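Shown next, in structure tokens, is the structure this report addresses.
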Amino acid sequence: MFGKKKSEAGISLIANNCEVSGDLRFKDQLLINGTVKGNIYAEAGSKAQVTVSEKGMVVGDIQAPNVVINGSVIGDIWSDRHIELAANAQIKGNVHYNVIEMVAGSWVEGSLIHDRHDQAGTRTQDAAGSLKGVERQAVVADKPATMESIPAGPPVAGGA
């Protein structure tokens, strides 16, 4: 009864009738049904997850290992593990990801930037090799990518 305190995982909730102004730092899980006006940071090295529900909105950056968006985000998103953009996800900002899932109906007005993590945990980037073991400071997106802006790959054997 008066022994060691257990560290229990928990879910922090921003309810749909709630608006929070200011930066948030969290562990474990953060569920946003309301509005957050500020940046969201998960504890470094954790398995934390932030979820923005269909009615949720974030005006600020999100930095978390696992991110699920089904609402609106105006800001950049950084995830070193997994990002899921559900059917109602609306992102106005750049998405830095290791693994991404996009469901039909979701959209991103910004750039999708694949940041890989090698086995030593060092961050590398595919896009133009501009990020090798250092954080990118800012990315400015002129326009969303289109099929015409993606360079053609190498010829396929046996193809025309």
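No value in this document is a laboratory result; all are computed from the given coordinates. Given the structure is predicted, the values throughout are model-derived calculations rather than measurements. Cβ sites come from the backbone with ideal geometry, for glycine too, and all protein chains shown count toward neighbours.
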Exercise for review: Would you please put 62-69, 91-98, 27-34 in order of how densely packed they are, using the mean number of other Cβ atoms within 10 angstrom per residue and starting with the highest?
Suggested key: 62-69, 91-98, 27-34
Check your understanding: Under a plain spin-label model, where a point goes 7 Å from the Cα along Cα-to-Cβ, how far apart in nm are Val99 and Arg25?
Key -> 2.9 nm
Practice item. Give the residues of region 28-48 whose amide nitrogen is closer than 16 Å to a point set 7 Å from the Cα of Asn16 in the direction of its Cβ. Key: 31-36
Check your understanding: Using the Cβ atoms and a cut-off under 15 Å, what net charge is assigned to the surroundings of Asn70, where Lys and Arg are +1 and Asp and Glu are -1?
Key -> -2
Review point. Which GluC sites (Glu not before Pro) from region 1-110 combine a DSSP loop assignment with at most 15 other Cβ atoms within 10 Å?
Key: Glu8, Glu43, Glu54
